[in-house]
Structure formats: C-alpha cells, structure tokens
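The values are calculated or read from the model by the stated rules, or taken from the named source; none is laboratory data. Just so it is clear, the model here is predicted, and its values are computed rather than measured. Cβ placement follows ideal geometry from the backbone for every residue including glycine, while neighbour counts extend to all protein chains displayed. These area figures cover heavy atoms from the full protein model, side chains too; ligands, DNA and RNA do not enter into them. Shrake-Rupley method; radii C 1.70, N 1.55, O 1.52, S 1.80 Å.
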Amino acid sequence: MPNIAEQIKKSLTQDALALINNLGKTARDLGYNIYIVGGPVRDMLLGRPIVDIDIVVEGDAIALARGMAKALGYQSKTHPRFGTANLYMSNVSADLVTARSETYEKPGALPTVTPSSLKSDLARRDFTMNAIAASVAPNDFGELIDYAGGLNDLKAGLIRVLHPNSFMDDATRIFRAVRYEQRLSFTIEPVTEGLIKQNLSMIDTISGNRLKNELNLIFKEDSCIKALERVDELGILKRLHPSLRGNGWLSAKLCKDCDQVILFALLTYNLNEEDCRDTLKRLNISGKNGQTIKEVQKIKKELNALSVHNLPFSRVYRMLENFSNEAVEVVILAEEPSAARQHLELYIEELQLIRPILDGNDLKRMGITTGRKIGQILKQLTNAKLDHKVRTRGEEERLVKSLIRGDKP
Ligand code: ATP
C-alpha cells in the first residue's frame, strides 16, 4: 500500500502535525492503533485543504483523549456514551472516535453501534473514497489502508457505495453523493447512480430534521446551484414534494451566506400555498421560520395589487405592515424588476420608517381621550404623512383638528 507521510506533512499546519504525532505516540504507549480517516485522507490525496481532522482509534478514544490532556496539556471534551472525544489546543482540534461497527434495525433508523476494528469502522462508511485510512502510529506513519478500492475511485473521480444496501441503510447518503459529486467535479459511478434511482423511496424514511440538515449542507456548498440541479435531475427533490424544483432562476438566487430561512423560502417560492405548507411539514420547518415562509406566500398574493402604478404609498404600507421584513425581502430577492418589486423596496427602505411628528401624548393634549380614537387618528395621520399630504407639525395639527371635527381627511 502507498504511504502518504509526505502529503500529511505538507497538508497540515505545524500545530496540527504536532497533534497528530503526539496522538500517535500516546496511542502506541496505550497499545492502541490509530488512523486518520475519511474526509481529511480524501482531501490530502486530492491536494485539497483539510477542514477537520478525524481520527479512528482501535482502542478507547476517551482514554486516549484523557491521556493527551494529562500528559501534554491538550483540552479534551469526552462523550462516553458515544465513545468519542474532541481534542483541542489554541487553533487546532481533532475528533476522535473508538473504531465501531454499525447495524441498522430498519431503514432510516439511527444505527446500533458496537466497538470494533478499523476494518468494520471503514465498512460502515458512505463511499469508497471516504473509507480510506492512514496510520499515524510512529512505526508506520502514513501507511494507507484501503479495503474498498477507494484510492482507485479517487483517481478515477468516482463516487461509489460500499455495498448495494447502503442507501437503504441510510438514505441521507443520496444527498451526500450529490454534494461530493458537485463539490469535487466527480461522477457518481453508474451502479451507484442506479441504486440511488432504485432507492428514492427510502428518502421517505428520513426525518424532517435530517432532510433539512442535508439541504442546508447543499446550500452551503460553493457548487450549490449545480448540486440543486442534480438533486432535481435525479428525482430527489420530487420525492420531498412533487412540485419542488431546483433549476433556473431559483438556484441562481440562493447564496450560501443567506440565512437558512431565506434559503428555504426561495426553495419553496414557486409552490402554491398548499404545496408550500406540505413541504414545510415534511421538512419540519415550524415556529418563526415557518411563519416567515407562509408570509412570503401571502405577499406573493398581493403582487398584482402592488403592481398598480401611482398606488398611494399609504396603500403600499397598509398591505405590507403586518409582514416581517425578512418575508418582504425574500420576495424582493425572488421577483424580477417590476412595479410591484419597486413598491416592496420602497416599503423596506422608506415607508416603514415614516412616522408622524405628533404622538399619542400630543393627541391627548389636543383633547382626544380614548385609546381607540387616538389609535385611529394616528393611523390616519400616518397615511396622510405617507401620501405627502402633511409635512410640518402645523399641518399635522390642522389635520388632527379637522379629524376631531369629523371632516373627511
Ligand atoms: P466534509 O468535507 O463535507 O466535512 P467529510 O468526509 O469530512 O466531508 P463528514 O460529514 O464530516 O464528511 O463525515 C466524516 C466521515 O464520516 C465521512 O468521511 C464518512 O466516512 C463518514 N460518514 C459521514 N456521514 C455518513 C453517513 N451518512 N453514512 C456513512 N458514513 C458517513
């Protein structure tokens, strides 16, 4: 097997390399085997930047983390229930797991985990390219372990599952396959693509929260637009809801820095109200985020009325005042330039900030006693101000007096 000691040294910062070397020595003293696995090995082999350092220990990951903390001053956070630990010091960190095997009681269920060997640990992974390990033990530092042929697939740019039941065990892997394919400009190899198509119904076994998380991960990718088109093309989006689409203008407006709620509001923008409601339910989007997305649907219904030229500004204001700015902003983002969009922009930038000079106390001093009447007159005063019918304090007072007399404004 090849040795990637040189790539490890080149890819890691001094501090990260020191952490890896220290882990190797501490593990050896405890009698454990230790490996870098998954994403970092893949990315080192591809010459891409390393994001996280994931370590598998044939032994007790918790004891190893504690040993590192005690002897070398690393900080550790241990999770005994899962046999995992995080180690960190200033700007480096590593995630340690005890080698484990996983069995799935039913599709979509979380796996049952038991401590095991590196071989079983690699066998539970999603794709061959993510099932490669590199030893970091002092005696064979950098030796690759590749039971599944990941190295060849990496060279050929192929995403391949480890076994035919992979998507049945965990259908989130369908989303992962597309995400990696677009990120790395790889190809999902034909048998794996066939398995995706055969197992689309397994997407129904994934909970709303996990689905939401997978979509979020796609939104965060630089290649988000292409990835959404691909999940559409493979029939994955339709499985979430038959009306969902990932192509065209919609994808172009999704940006990875947008808030989560904006991304989901754009994803569902073209749906009708009922389909949107069903999609929100499927993705378990409720509370404030769900409310914002429902508001977007309601604003869409006002677009015809908002497209009238010379619409009094007070009308624009009253049509939009009960919606959150976030919802209005989504519609601005989604709509092409139009008279309606100009009205939305005007509302956000100017109209919603306009207030009369007089306030409730001024009106009381002018003789209005009931709260309800004060509210009504303030509303009429605001409308007049929005429509430029009053500008100065004197003009506002004159209008209030005429309203008290019962004159038509
Ligand atoms: P990224 O660059 O997106 O972080 P990564 O490969 O590090 O890529 P993670 O989601 O951090 O991906 O997962 C770490 C490793 O755990 C993966 O490389 C893969 O081996 C394994 N893994 C993660 N999710 C799954 C899954 N659903 N099924 C099987 N293996 C998985």
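Brief remarks follow.
- Residues satisfying the stated conditions in segment 117-133, i.e. crowded, with 17+ Cβ neighbours inside 10 Å and either in a helix (DSSP H, G or I) or not hydrophobic (A, V, I, L, M, F, W, C) (or both): LEU118, ASP121, LEU122, ARG124, ARG125, ASP126, THR128, MET129, ASN130
- All of ASN216, ASN272, ASN304, ASN310 fail the test of being under 23 Å from LEU184 (Cα atoms) and open to solvent by 10 Å² or more (accessible area, probe 1.4 Å), apart from ASN216.
- Residue in segment 248-266 that is farther than 26 Å from ARG183 by Cα, assigned to a helix (DSSP H, G or I), hydrophobic (A, V, I, L, M, F, W, C) and open to solvent by 40 Å² or more (accessible area, probe 1.4 Å) present: no
- Apart from one condition, GLY108 fits all of (1) part of a helix (DSSP H, G or I); (2) farther than 24 Å from GLY47 by Cβ; (3) within 12 Å of the ligand (Cβ to nearest atom); the exception is (1).
- VAL51 meets the conditions (1) within 14 Å of the ligand (Cβ to nearest atom); (2) part of a helix (DSSP H, G or I); (3) at pLDDT below 95 in every case but one. The failed one is (2).
- Test: residue in segment 202-213 that is touching a Lys or Arg at 6+ places or on another chain (Cβ under 6 Å), in a loop (DSSP other than H, G, I, E, B) and of a type outside the set (Ser, Thr, Tyr): no
- Leading residue by the ranking (farthest from GLU6 (Cα to Cα)) among those in segment 67-83 that are more than 16 Å from the ligand (Cβ to nearest atom) and surrounded by 17 or more Cβ atoms within 10 Å (Cβ to Cβ): THR78
- Any hit, segment 203-215, residues being within 10 Å of the ligand (Cβ to nearest atom) and farther than 23 Å from MET44 by Cβ: yes
- Test: residue in segment 136-155 that is touching a Pro at 6+ places or on another chain (Cβ under 9 Å) and farther than 22 Å from LYS10 by Cβ: no
- On the stretch given as segment 275-301, residues that are open to solvent by less than 80 Å² (accessible area, probe 1.4 Å) and of a type in the set (D, E, K, R) total 5.
- Taking first residues from segment 130-152 that are within 17 Å of ILE53 (Cβ to Cβ) and partners that are of a type in the set (Phe, Trp, Tyr) and within 15 Å of the ligand (Cβ to nearest atom), the Cβ contacts under 6 Å between residues at least 6 apart in sequence or on separate chains come to ALA133/TYR35; SER135/TYR35.
- Selected residue (criterion: modelled with the lowest pLDDT) from residues of segment 349-392 that are open to solvent by 60 Å² or more (accessible area, probe 1.4 Å) and hydroxyl-bearing (Ser, Thr, Tyr): THR369
- Matching entry among VAL136, VAL57, VAL113, VAL92 (being open to solvent by 20 Å² or more (accessible area, probe 1.4 Å) and of a type outside the set (Phe, Trp, Tyr)): VAL113
- Subset of segment 118-142 that is within 16 Å of the ligand (Cβ to nearest atom) and polar (S, T, N, Q) - its residue that is nearest to ASP60 (Cα to Cα): SER120
- Qualifying residue in segment 230-239 (condition: touching a Gly at 6+ places or on another chain (Cβ under 6 Å), among the charged types (D, E, K, R) and at pLDDT 90 or above): yes
- Residues in segment 285-304 that are closer than 16 Å to ASN322 by Cα and among the aliphatic types (A, V, I, L, M): ILE293, VAL296, ILE299, LEU303.
- Residue in segment 152-163 that is open to solvent by less than 10 Å² (accessible area, probe 1.4 Å), within 30 Å of LEU280 (Cα to Cα) and more than 11 Å from the ligand (Cβ to nearest atom) present: no
- Extreme residue, farthest from the ligand (Cβ to nearest atom), among residues of segment 168-188 that are more than 16 Å from the chain's Cα centre (by Cα) and surrounded by fewer than 18 Cβ atoms within 10 Å (Cβ to Cβ): THR187
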